[in-house]
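Below: the structure, in structure tokens.
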Amino acid sequence: MITVSGLRKAYGDVVALDGVDLHVGKGEVFGVLGRSGAGKSTLLRCVNLLERPDEGVVNVDGRELTALGAADLRRARQRIGMIHQHFALLSSRTVAGNVAFPLEVMGVGRAARARRVAEMLDLVGLADRAGAYPAQLSGGQKQRVGIARALAAEPSVLLSDEATSALDPATTQSILALLRRLNRELGLTILLITHEMDVIKAVCDSAAIMSDGRIAEAGPIPELLATPGSRLAAELFPLPPAEPGAVTVALGTDPTLLSRLARTRDVDVAVAAGAVEQVAGVPAGRLRLRITGAGAAAALAELRGRGLLVEEDA
Amino acid sequence: MTWSEMSPLLWEATGQTAVMVGWSTLFTVLFGLPLGVCLAGTDRGGLFPAPAVRRVLGLVVNVGRSLPFIVLMIAVIPVTRVLTGTTIGTAAAVVPLTIGAVPFFARLVETALREVGRDVVQAAEAMGAGRVTIVARVLLPEALPGLVAGLTVTVVTLISYSAMAGVIGGGGLGDLAVRYGYQRFETTLMVVTVVVLVVVVQLAQTLGDAVARRLSHR
Ligand SMILES: Nc1ncnc2c1ncn2[C@@H]1O[C@H](COP(=O)(O)OP(=O)(O)O)[C@@H](O)[C@H]1O
Ligand SMILES: [Mg+2]
């Protein structure tokens, strides 16, 4: 759905993007994690060409945006929703007026606009605040308006620039849950950037870690968890330092694997440490295990064969 | 001088001031608003950056603003003649008043537009809005309270400029104070005129503040 390749962007001496390749599949929630100044916002703003990259190609929904003229680019942007850290709502317009804005830009008629605005406000649970001004809303409500506005034109893609960074933890969770629901119900593809690990864990199917303008690592989260030496896995699911006689195992997708292993290979499995959480609704993480008994070697071989053995006997 | 003698003089002068200030306000908005949009838009981070254009506009505006109004009024007499066919009277005074106020108002418009957050403009760009749409539907509506505040200051300035219009026969309250109060030692009329001027300015400011507050949803 989104493919960028070879993106470079420099501001004077500062290289914000230093050769970035990224692919986001249809219906995927993709999170880019990185410290402040890593180039995340620049990357996101290159996807809808708010920022023109010095080099590289941007493809969204089968169109090469970097090859479009100004008018075509404007039309293409109407199909790419964006939400912002500080909401970027029009203070002079009501909630309904803000959601109507992208429809006005597209030239949608008054009646169709009103219908769509009502639908969108229902979707984000703000139907009763249609006549309020942004200044009268809480942060969470403002971001809901931002989301309704971003989705009013039925985009195929939603870009999110630190959409929850200005919100408190409880509100953050409710906004993330909303994004996840929209992803499921509308099949919306979401590319979000954040400096918060928890955001990635809460909603993302795939993730990338960015530093100094480069993507250091990227992939579906279960795969990253099963990748030895993965920096992203270690950041998302930190375990205490390795210890002799213990192995580190990714949880994988089979929830009964360990108990079956204990039964079929005749081993004892003891958990020494673990980091397991719900990621996008399913348990994911890593366990540090001590596997002992006659079949220990065979059990390890099976785990290795399944690609779940991340770290052996350190 | 009795009240019944002063009254018609005051009414006539107030009417002349209203005509001069009213028309010149209208023309100031007509020319100053687009000029302010150009000043803000042509800046480096603006909607349609054009440093060379901006430098020229900035220079013209600064020259206009640095001329004392009384000098400007005399200096533009040839222009006034071309535009109105005469160089004296209330209508003729509208020309220098407008020329004097346009650069002033344009700067205030520029400032008000700058106050609009960059993120809001970019959000509109991200939604596929073009520049005209952004100016008409984002910048101007978002800046409206600031624009009204700027207009209020401009009107008050125009009232004070219009007091000098007596020099070219424009009449008005200022002229009345000078001709009767100063030249004929009618101190009472002078004081009354000053009071009327203060009240008019106060009314304009209060009204402007109320409208700006009403329009602001921040
Ligand atoms: N418009 C700009 N002008 C100059 N430097 C910029 C601009 N935007 C970003 N940068 C620089 O590029 C780098 C990456 O910035 P950014 O993409 O905002 O990082 P992040 O979103 O990860 O915090 C930073 O060093 C920042 O200072
Ligand atoms: Mg950023």
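The values are calculated or read from the model by the stated rules, or taken from the named source; none is laboratory data. Please read these numbers as outputs of a predicted model, since none were measured by experiment. All Cβ positions, even for glycine, are placed from backbone atoms using ideal geometry, and neighbour counts span all protein chains on display. Just the protein is used for accessible areas: all its heavy atoms, side chains included, with ligands, DNA and RNA removed. Shrake-Rupley method; radii C 1.70, N 1.55, O 1.52, S 1.80 Å.
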### Rounded to whole Hz, the Karplus (6.51, -1.76, 1.60) HN-Hα couplings of region B:97-112, x for glycine and proline
4, 5, 4, x, 8, 4, x, 4, 5, 4, 5, 5, 4, 4, 4, 4
### Message
If each DSSP helix of 4+ residues adds -39,500 (n - 2.57) and the sum is divided by the residues in chain A, what number results at 222 nm, nearest 500 deg cm²/dmol?
### Response
-10500 deg cm²/dmol
### Message
Given the options A:V24, A:S41, A:I147, identify the residue whose Cα lies farthest towards the positive end of the charge dipole of region A:2-222 (+1 on Cβ of Lys, Arg; -1 on Cβ of Asp, Glu).
### Response
A:I147
## Note on the structure
Rounded to a whole number, the mean other protein chain Cβ count within 10 angstrom for residues of B:125-136 is 6
### Task
Quote the total accessible area buried by chains A and B together, excluding ligands, DNA and RNA, probe 1.4 Å, nearest 100 Å².
1800 Å²
### Query
Put A:L239, A:L186 in order of accessible area, largest first, 1.4 Å probe: what do you get?
A:L186, A:L239
### Computed lengthening from B:R44 to B:S216, 0.36 nm per intervening residue step minus Cα-Cα distance
59.1 nm
### Task
Excluding residues fewer than 8 places away in the same chain, name every one of the lysines whose C-alpha is closer than 17 Å to that of A:K40.
A:K9
### Query
Using the Karplus equation 6.51 cos²θ - 1.76 cosθ + 1.60 (θ = phi - 60°), what ³J(HN,Hα) coupling, rounded to whole Hz, does each residue of region A:130-138 give in order, writing x for Gly and Pro?
3, x, 7, 8, x, 4, 8, 10, 7
### Summary
The extension gain from A:A298 to A:D198, computed as 0.36 nm times the residue separation minus the Cα-Cα distance, is 32.4 nm
### Query
What is the magnitude of the charge dipole of region B:1-157 about its Cα centre, with +1 placed on the Cβ of each Lys and Arg, -1 on the Cβ of each Asp and Glu, and no other charges, expressed in debye to the nearest 20?
520 debye
### Task
Would you mind getting me the FRET efficiency between A:V271 and A:S138? Use the beta-carbon distance for r and R0 = 45 Å, nearest 0.05.
0.60
### Task
Normalising by the residue count of region A:88-224, find the relative contact order in percent from Cα pairs under 8 Å and 6+ residues apart.
20 percent
### Message
Suppose we compare each residue of region A:28-62 in its chain alone and in the full protein complex with a 1.4 Å probe; which ones drop by at least 50 Å² of accessible area?
### Response
A:L50
### Radius of gyration, Dmax [region B:1-134; alpha carbons; angstrom]
19.6, 68
#### Entry: Rg over Rh [alpha-carbon atoms, Kirkwood Rh] for chain A
1.05
### Summary
For chain B, the per residue accessible area (1.4 Å probe, Å²) is 50 Å²
### Task
Mind putting a number on the dipole of region A:237-313 about its Cα centre? Charges go on the C-beta only, +1 for Lys and Arg and -1 for Asp and Glu, and I need it in Debye to the nearest 20.
160 debye
### Query
Under a straight-distance cross-link criterion of Cα-Cα below 20 Å, which aspartates and glutamates are reachable from A:K201, leaving out those fewer than 8 residues away in the same chain?
A:E28, A:D161, A:E162, A:D168, A:E185, A:E217, A:E223, A:E235, A:D254, A:E277
### Query
What net charge is computed for the residues neighbouring B:V138, neighbours being all others with C-beta under 14 Å from the C-beta of B:V138, Lys and Arg scored +1, Asp and Glu -1?
+1
### Message
At a 10 angstrom cut-off on C-beta neighbours, averaged per residue, how do the peptides A:276-286, B:60-70, B:101-111, B:163-173 rank from highest to lowest?
### Response
B:101-111, B:163-173, A:276-286, B:60-70
#### Entry: Debye equation applied to the C-alpha atoms of the protein assembly as shown, log10 I(q)/I(0) at 0.06, 0.11 Å⁻¹
-0.46, -0.99
### Task
Could you compute the FRET efficiency for B:T86 and A:R35, with r as their C-beta to C-beta distance and R0 at 51 Å, rounded to 0.05?
0.15
## Note on the structure
In region B:174-218 the accessible area split gives carbon plus sulfur, as whole percent at 1.4 Å, a share of 64 percent
### Summary
For the B:V195, B:V60 Cβ pair and Förster radius 35 Å, calculated FRET efficiency rounded to 0.05 is 0.40
### Task
Go ahead and estimate [θ] at 222 nm for chain B from helices alone: -39,500 (n - 2.57) per DSSP H run with n ≥ 4, summed, over the residue count, rounded to 500.
-25000 deg cm²/dmol
## Note on the structure
Taking B:206-215, A:71-80, B:31-40 and ranking on average Cβ neighbours within 10 Å, highest first, one gets B:31-40, A:71-80, B:206-215
### Message
In whole percent, and with a 1.4 Å probe on the protein chains, what portion of the accessible area of chain A is carbon and sulfur?
### Response
50 percent
### Task
For region B:161-168, take each phi angle, set θ = phi - 60°, evaluate the Karplus expression 6.51 cos²θ - 1.76 cosθ + 1.60, and give the result in whole Hz per residue in order, putting x for glycine and proline.
4, 5, 5, 8, 5, x, 4, 10
## Note on the structure
Between A:I83 and residues 5 or more places away or on another chain, the pairs with built amide H atoms under 5 Å apart involve A:L159, A:S160, A:D161
### Query
Given H placed on each backbone N at 1.01 Å, which residues far from A:V310 in sequence or on other chains put an amide H within less than 5 Å of it?
A:T248, A:V249, A:A250
### Message
Within 10 Å of each Cβ in A:88-97, how many Cβ atoms from other chains are there, averaged over the peptide?
### Response
5
### Positions from region B:197-217 whose accessible area shrinks by 30 Å² or more when the full protein complex is built, not the chain alone, probe 1.4 Å
B:H217
### Task
Give me the distance between the Cα centres of region B:154-218 and region A:50-95, rounded to whole Å.
51 Å
### Query
Ignoring ligands, DNA and RNA, how do A:V267, A:V105, B:V79 rank by accessible area with a 1.4 Å probe, largest first?
B:V79, A:V105, A:V267
### Summary
Rounded to the nearest 5, the percent of DSSP beta bridges in the protein assembly as shown running antiparallel is 65 percent
### Query
Using modelled backbone amide H atoms (1.01 Å from N, in-plane), which distant-in-sequence or interchain residues come within less than 5 Å of A:V29's amide H?
A:I190, A:D205, A:S206
### Message
Using alpha carbons only, how many angstrom separate the centre of region B:1-75 from the centre of region A:211-230?
### Response
62 Å
### Query
Just how far, in whole angstrom, is region A:147-171 from region A:237-269 if you go by their alpha carbon centroids?
38 Å
